[in-house]
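Asker: Right, I'll just put the structure down here and ask away after.
Since every read-out is calculated from the coordinates, none of them should be taken as a lab result. Note that the coordinates shown come from a computational prediction; the quantities given were computed from them, not determined experimentally. Every residue, glycine as well, gets a Cβ built from its backbone with ideal geometry; the counts of neighbours run over all protein chains shown.
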Amino acid sequence: MPSYEEFIAEIKPIWETAWMTNMGEFHDRLKDQLKEYLKAENLLLFVNGHMALEMALQAMNLTGEVITTPFSFASTTHAIIRNNLTPVFCDIREDDYTIDADQIEALITDKTTAILPVHVYGNVCDVDKIESIAKKHNLKVIYDAAHAFGVEVNHRGIGTYGDASMFSFHATKVFNTIEGGAVTFKDPSLEILLNYLKNFGITGKESVEYIGGNAKMNEFQAAMGICNLRHVEENIERRLVSERYREHLQGVSGIRLNPIKQGISQNYAYFPVSFDGFWLTRNQVYDLLASHNIFARKYFYPLITDFECYRERFSDLELPCARRAADSVLTLPLYADLPLEDVDRICEIILSAAKKGKQSV
Ligand SMILES: Cc1ncc(COP(=O)(O)O)c(C=O)c1O
């Protein structure tokens, strides 16, 4: 959060205009600032990332099947289903948890209309391969970039890949507007339609041409975004405490860390660790940390295909890498104010328990 004083000073003018929502001055200012920050030609703001994704899919006018990943947050698949589309799940790559582009083509049928990959933990999907598959089969590509705020590939904004990308500005994200989100998109003509969709499909004083919803970002959210954007670079830099985790855990047998790839700027949003063949299972590490009041996350567990609402349809699918990731990954605590000593302590707890376990054999 910004300081209390900074936020209060920012929102003061709202009491003068009483303009609280419906694309006001703060909304428009944040939109312009984010376009520049994310290096995106076209960008629209939304009330949250999920609605942004739902409406990006709706705007593409898709039918039939959408190829996606099961290793994501509930939102990704829900957005497909809530658009009356059928998700087709593709397994992920073992090293960075993103969709395995080499397996996409085998899943394409005459009903496929789009691919919805996720830049999970800010790890960039195989964007070039996905683009060439999409071109060859005339498919749309909508990226779930909820985790990838500010990530760049050789100085190109991540939101410029594919037909559209969704960003989440939820309170837990690297950049937040309390709740909030954005869609960046390639075709500028989508702007008019997306603006209608997020405002009930209303197209004029007495006309409603689309079945839209209410997904407008309000002025207080936008003001929070304007404050937070002033400090985002500094906050991302402070997340470099995550490198301390790397120093402690790198090279430990049975522990696999997120890969760092050349040419890709990171936002240090998460520190996922795979405990696979480690002395303790992922769940044991989770419980051990919890017993010290340290709350890591099984992010993502369960796999989307195993959710109660989906398991009847999808839980028999063979998705070995995704399943293994769901069973082995723990994201360790990470935020800008996390003290280095806390990282040291967390690693000490994990490593000393493993050492003790080994000695007792
Ligand atoms: C991968 C992914 N997709 C979508 C979302 C949905 O974003 P929001 O919480 O802003 O609606 C999230 C959010 O937490 C997410 O992690």
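Asker: Take SER168, SER291 and order them by how many other Cβ atoms sit within 10 Å, fewest up front.
Answerer: On the way: SER168 29, SER291 9.
Ordered by Cβ neighbours within 10 Å, fewest first: SER291, SER168.
Asker: What is the sum of charges around LEU317, taking Lys and Arg as +1, Asp and Glu as -1, for the other residues whose C-beta is under 11 Å from the C-beta of LEU317?
Answerer: -1
Asker: For the stretch 211-225, take each phi angle, set θ = phi - 60°, evaluate the Karplus expression 6.51 cos²θ - 1.76 cosθ + 1.60, and give the result in whole Hz per residue in order, putting x for glycine and proline.
Answerer: 8, x, x, 10, 9, 7, 7, 8, 5, 6, 4, 5, 5, 4, x
Asker: Taking only Cα atoms, what is the 0 to 90° angle, nearest 10, from helix 127-137's long axis to the longest principal axis of the chain?
Answerer: Roughly 50 degrees, rounded to the nearest 10.
Asker: Please name which of PHE220, ASN293, ASN48 has its Cα lying farthest along the dipole of the chain towards the positive end, using unit charges on Cβ (Lys, Arg +1; Asp, Glu -1) and the Cα centre as origin.
Answerer: Looking along the dipole axis, the top candidate is ASN293.
Asker: Using alpha-carbon positions, what is the distance between the centroids of the stretch 135-149 and the stretch 152-179, in Å?
Answerer: If you average the Cα positions of each part, the centres end up 12 Å apart.
Asker: Mind putting a number on the dipole of the chain about its Cα centre? Charges go on the C-beta only, +1 for Lys and Arg and -1 for Asp and Glu, and I need it in Debye to the nearest 20.
Answerer: Rounded to the nearest 20 debye, it is 500 debye.
Asker: Can you list the HN-Hα couplings for the stretch 43-48, worked out from phi with the Karplus curve (6.51, -1.76, 1.60; θ = phi - 60°), rounded to whole Hz and with x for Gly and Pro?
Answerer: Here the 3J(HN,Hα) series is 8, 10, 8, 9, 5, 7 Hz.
Asker: Then there is this: Would you order ASP110, ASP306 from fewest to most other beta-carbon atoms within 10 Å of each residue's own beta-carbon? Spell out each step's value before the answer.
Answerer: On the way: ASP110 6, ASP306 16.
Starting with the residue having the fewest Cβ neighbours, the order is ASP110, ASP306.
Asker: Moving to a separate point now. How big is the convex hull of the Cα atoms of the stretch 195-259, per residue, in Å³?
Answerer: Normalising the Cα hull of the stretch 195-259 by residue number yields 159 Å³.
Asker: Can you tally the net charge around ILE104? Count Lys and Arg as +1, Asp and Glu as -1, for every other residue whose Cβ sits under 11 Å from the Cβ of ILE104.
Answerer: Here the count lands on -3.
Asker: Number of Lys pairs in the stretch 109-262 with C-alpha atoms less than 21 angstrom apart, excluding same-chain neighbours closer than eight positions?
Answerer: 16
Asker: Roughly how big is the stretch 205-361's charge dipole about its Cα centre, with Cβ charges of +1 (Lys, Arg) and -1 (Asp, Glu), in debye to the nearest 20?
Answerer: 440 debye
Asker: Enter the mean projected area of the convex hull around the alpha-carbon atoms of the chain, in nm², rounded to one decimal.
Answerer: 19.9 nm²
Asker: Oh, and also: Report the dimensions of the stretch 225-339 along its three principal axes from the alpha-carbon atoms, largest first, rounded to Å.
Answerer: 46, 36, 34
Asker: Along the positive direction of the dipole of the stretch 4-233 (beta-carbon charges: Lys, Arg +1; Asp, Glu -1; about the Cα centre), which of ASN138, TYR37, LEU194 reaches farthest?
Answerer: LEU194
Asker: Still on this structure, please answer the following. In whole percent, what relative contact order does the stretch 226-331 give with Cα contacts below 8 Å and a gap of six or more residues? Could the numbers behind the result be given before it?
Answerer: On the way: 99 pairs, mean separation 27.3, N = 106.
Computed value for the stretch 226-331: 26 percent relative contact order.
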